[in-house]
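**Q** I have a structure I would like to understand better, so I am pasting it below and will then ask my questions one at a time.
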Amino acid sequence: MLSMVNQSSLSAVSLANQVHFLLTGFYYGVTSGVTMLVSQYWGRNDKRSILTVMGIALELSIGVTVLFTLACCFCPEFIMTIFTKDPELIRIGADYLRIIGFSYLLMSVSQVYLCVMRSMERARVSTIISCTALFLNIILNAVFIFGLFHAPKLGVIGVSIATVIARAVELLLCFCDAVRNRVLPFSLSSLFKRNQALFRDFIHYSLPALGNDFSWTLAFSSYSIILGHLGSDMVAASSVATTVRDLCTVVCFGISSGGAVLLGKSIGAGEMKEAKKNASRICRVTLLFGFLTAIIILVSRPLIISVIELTDTAYSYLNVMLLISSYYVIGQAINTTVITGIFRAGGDSRFGFLCDTIVMWCIAVPLGFLSAFVFHFPPLVVYFILCLDEFWKIPTVYKHYKSYKWLKNITRDFPDS
């Protein structure tokens with residue numbers, strides 16, 4: 001929609017959303033710790049421990065999100081200068097960040113709640129709530145960007161307002177579900193009850209996951225910094241290619257998330273042989289969908305190019321970026337499912353942290369900076385080099401998977417459970 005306003009709006013929001021991208025990485029790390037513990041305790045039908053884990057995650061999630069929100073509200077221009085030196089992009093992005101920051105606080109609660117529900121095999125409820133917020137966001141974006149139904153035509157500001165409203169509705173639906181269904185024994189005293197053993201477990205298993213995801217998202221934000229200094233055409237084309245890639249890989253991420261719950265439940269129940277079989281099935285399904293995703297991107301490439309309004313240079317960049325994305329998604333699907341799904345379901349979050357940190361920060365990011373700012377390679381060559389990161393990981397990931405050292409039961413026995 002923003003590409004229909006102008007290319008500057010599209011580029012500015014793409015760069016500003018790197019803040020959201022970083023925060024999403026943080027949420028994903030926190031909720032990974034939730035999934036690891038909740039899915040295994042769900043296999044033991046221990047709801048009291050699940051509620052305690054949820055309380056720990058909420059405290060951590062809300063505490064960090066407050067800092068992000070304050071930064072967006074009071075120093076958005078400084079944040080934008082990290083990603084670009086273009087005054088117009090900085091101005092547009094800063095206006096967007098001042099409002100969108102409030103949606104982060106709403107997400108800090110809803111994302112933890114929805115993760116707990118998914119980990120307790122209530123994926124249908126989570127999907128309904130998330131989809132309601134998504135479609136509401138899309139509709140309100142159209143209304144406020146283009147001024148439909150006599151609404152004010154707000155452009156980029158409309159995007160941020162629409163997102164805040166959609167996140168508020170999402171949180172309200174979570175609250176209604178908690179009150180109506182009471183699948184957990186909710187009360188403030190039980191939700192934030194202190195349990196030192198569970199707190200230590202949560203920190204032990206979630207910190208590596210959090211470090212993994214934050215390191216990964218920070219590296220990807222570094223990619224945006226690199227591309228942001230290669231011109232607005234490169235930023236615009238990259239934002240479109242990334243959006244297409246994210247939409248097409250949503251099934252693979254769903255397999256990772258759902259697989260983690262199923263494996264965690266089996267492991268928590270002590271069914272190790274069944275967990276191994278399910279892990280193998282999940283890998284095969286992921287590989288199949290990875291190739292299907294690549295085909296979808298290739299087939300839809302002419303349609304994508306025809307409906308997006310960009311400059312001729314940006315069009316030429318986007319054409320090649322979609323070709324690169326078509327094979328990149330295969331490696332991304334495999335690594336995401338195995339590292340964040342299978343390994344974490346077995347309580348192994350440390351391997352992913354070490355693997356991603358070494359590959360991203362010792363290989364991918366340095367190569368990207370060198371190719372862009374030292375060797376001054378053409379922009380598309382820089383993009384190609386940055387998109388090799390997933391394939392550096394595959395041999396090591398496969399070796400660790402076949403060792404089965406990640407397969408562990410991490411639950412405890414509590415007298416009051």
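The values are calculated or read from the model by the stated rules, or taken from the named source; none is laboratory data. Just so we're clear, the structure is a prediction, and the values are computed from it rather than from any experiment. Cβ: placed from backbone, ideal geometry, glycine included. Neighbour counts: every protein chain shown. Only protein heavy atoms, including side chains, enter the accessible area calculation; ligands, DNA and RNA are left aside. Shrake-Rupley method; radii C 1.70, N 1.55, O 1.52, S 1.80 Å.
**Q** Of all the residues that make up region 288-328, how many are farther than 24 Å from GLY231 by Cα, in contact (Cβ under 8 Å) with a residue 40 or more places away in the chain and aromatic (Phe, Trp, Tyr)?
**A** Within region 288-328, residues that are farther than 24 Å from GLY231 by Cα, in contact (Cβ under 8 Å) with a residue 40 or more places away in the chain and aromatic (Phe, Trp, Tyr) number 1.
**Q** Let me ask something else. Could you pull out the residue among LEU210, LEU247 that is under 17 Å from the mean Cα position of the chain (by Cα), open to solvent by 70 Å² or more (accessible area, probe 1.4 Å) and closer than 30 Å to PHE351 by Cα?
**A** On the way: LEU210 fails: open to solvent by 70 Å² or more (accessible area, probe 1.4 Å).
Only one candidate qualifies: LEU247.
**Q** Determine which member of the set LEU136, LEU105, LEU97, LEU114 is of a type outside the set (Ser, Thr, Tyr), farther than 30 Å from VAL183 by Cβ and either part of a helix (DSSP H, G or I) or open to solvent by 10 Å² or more (accessible area, probe 1.4 Å) (or both). Step through it out loud before you land on a result.
**A** Values: LEU136 fails: farther than 30 Å from VAL183 by Cβ; LEU105 fails: farther than 30 Å from VAL183 by Cβ; LEU114 fails: farther than 30 Å from VAL183 by Cβ.
Only one candidate passes the filter, namely LEU97.
**Q** What tally of residues in region 333-377 results from selecting those that are open to solvent by 10 Å² or more (accessible area, probe 1.4 Å), of a type outside the set (Val, Ile, Thr) and more than 27 Å from PHE83 (Cβ to Cβ)?
**A** Final tally of qualifying residues: 4.
**Q** Pairs, please: C-beta under 8 Å, at least 6 apart or cross-chain, first residue free of Cβ contacts under 8 Å to residues at least 12 places away in the same chain and in region 153-175, second in a helix (DSSP H, G or I) and surrounded by fewer than 18 Cβ atoms within 10 Å (Cβ to Cβ)?
**A** That search, which allows pairs on different chains as well, returns LYS153/PHE146.
**Q** Provide a single number: the residues in region 33-51 that are part of a helix (DSSP H, G or I), out of contact with any Cys (no Cβ under 8 Å at 6 or more places or on another chain) and open to solvent by 10 Å² or more (accessible area, probe 1.4 Å).
**A** Total satisfying the criteria: 4.
**Q** Filter region 297-315 down to residues that are of a type in the set (S, T, N, Q) and assigned to a helix (DSSP H, G or I) and give me whichever is most open to solvent (accessible area, probe 1.4 Å).
**A** Going residue by residue through region 297-315, those that are of a type in the set (S, T, N, Q) are 300, 306, 311, 313.
From what is left, the residues that are assigned to a helix (DSSP H, G or I) are 300, 306, 313.
On the way: SER300: 29, SER306: 83, THR313: 62 Å².
For region 297-315, the residue satisfying everything is SER306.
**Q** List every residue pair whose Cβ atoms lie under 8 Å apart, where the two residues are 6 or more positions apart in sequence or sit on different chains, the first residue falls within region 243-259 and is touching a residue at least 12 places away in the same chain (Cβ under 8 Å), and the second residue, located anywhere, is among the charged types (D, E, K, R) and open to solvent by 40 Å² or more (accessible area, probe 1.4 Å).
**A** Pairs that qualify, where the first residue is touching a residue at least 12 places away in the same chain (Cβ under 8 Å) and the partner is among the charged types (D, E, K, R) and open to solvent by 40 Å² or more (accessible area, probe 1.4 Å), are SER257/ARG118; GLY258/ARG118.
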